[in-house]
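Single-structure report; data block below.
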Amino acid sequence: MPQPISNPNLLANQGQRHAAQESEREEQYEQMIEEQLDDLLEEDHYYQVLATPLKSAAVLKEEHRRQLKEQLLAKELRNQIGNAYHLIMTRLPQMIEPEKFDKLKKEFESTPHCFYQSHQQSAEMPDQSLLLQKACGISNESLYYFYTLAYAMLENQEYQDAQAVLAFSIVLNPYVPFFWSALGVSLQRQSHDEEAISILKIAHMLNPLDPNPLILEAKSQLTLNNPEEARALLQSAKEILDSFNAENKTDLLEQIRAMQSQ
């Protein structure tokens with residue numbers, strides 16, 4: 001399991017950490033979209049009929065492809081926002097005090113519109129980095145509650161719901177390693193080990209001194225029958241634990257020893 005967070009201040013200033021520009025998971029999603037586009041495009045003769053001296057059939061086909069891709073991405077984005085929004089608004093009131101939820105609700109009311117608008121702007125100006133958490137006025141305390149909800153969902157084996165909340169949180173602020181670790185666990189629990197490995201690598205990159213992502217990744221590597229990769233990860237995790245006193249150091253070392261014996 002990922003680590004529970006007892007203090008929302010642990011999430012503060014995580015947005016200033018350096019992170020990968022694109023995760024392997026995003027690349028896999030882009031590839032899936034590209035494969036769908038091939039099925040949605042018309043036959044070549046359709047574009048040849050519409051071709052003009054100013055626009056060849058190839059140009060028309062490429063323009064159609066781009067328009068379809070934008071529509072697919074926008075639809076998927078709206079679906080993800082809607083799902084995460086519904087889960088947060090229906091499940092969090094059962095977990096936090098009413099006055100705290102009222103404060104979060106006021107922050108969150110404009111988030112879907114703000115999120116979608118900011119996503120469109122960032123797509124048009126990709127060189128301008130904008131942290132959506134800040135743009136949409138979401139506090140670190142609210143992010144903490146999102147994580148708390150996702151953590152409870154993982155404990156209740158609601159892995160897809162946890163994945164939705166965590167993915168949304170990551171889009172708001174992609175520089176919080178706890179989110180990536182928990183997302184890796186949710187994927188791992190759904191037997192998506194290759195995707196989990198990609199996600200856990202990002203978690204480790206964001207916080208190289210946390211051995212948990214290495215141990216979790218080693219578990220997926222063992223599942224995929226990659227014992228050499230797993231051993232190297234476990235050795236790295238052990239070296240981190242040997243260098244300082246982690247709160248749950250004994251438990252983690254026991255996990256490592258058990259996995260090394262496999």
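The table that follows gives values for the structure above.
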{"read-out": "Shape category assigned to the range 161-203 from the gyration tensor of Cα positions, a/c cut at 1.5", "value": "oblate"}
{"read-out": "Reach of residue 201 by Cα under 16 Å, taken over lysines that are not fewer than 8 positions away in the same chain", "value": "219"}
{"read-out": "Dimensions (Å) - the range 151-262, Cα atoms, principal axes, largest first", "value": "34, 29, 23"}
{"read-out": "Table column - 3J(HN,Hα) (Hz), the range 149-166, Karplus curve with 6.51, -1.76, 1.60, x for Gly and Pro", "value": "5, 4, 4, 5, 5, 4, 5, 8, 6, 9, 5, 5, 5, 4, 4, 5, 5, 5"}
{"read-out": "DSSP-loop GluC sites (Glu not before Pro) across the range 179-262, with at most 11 other Cβ within 10 angstrom", "value": "247"}
{"read-out": "Full-extension gain in nm, residue 41 to residue 242, via 0.36 nm per residue minus C-alpha separation", "value": "66.7 nm"}
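The numbers here are math on the coordinates, done by the rules we state, and not lab data. Only a predicted model underlies this, so the values are computations on that prediction, with no experimental measurement involved. Neighbour counts run over all protein chains shown; Cβ positions are idealised from the backbone, glycine included.
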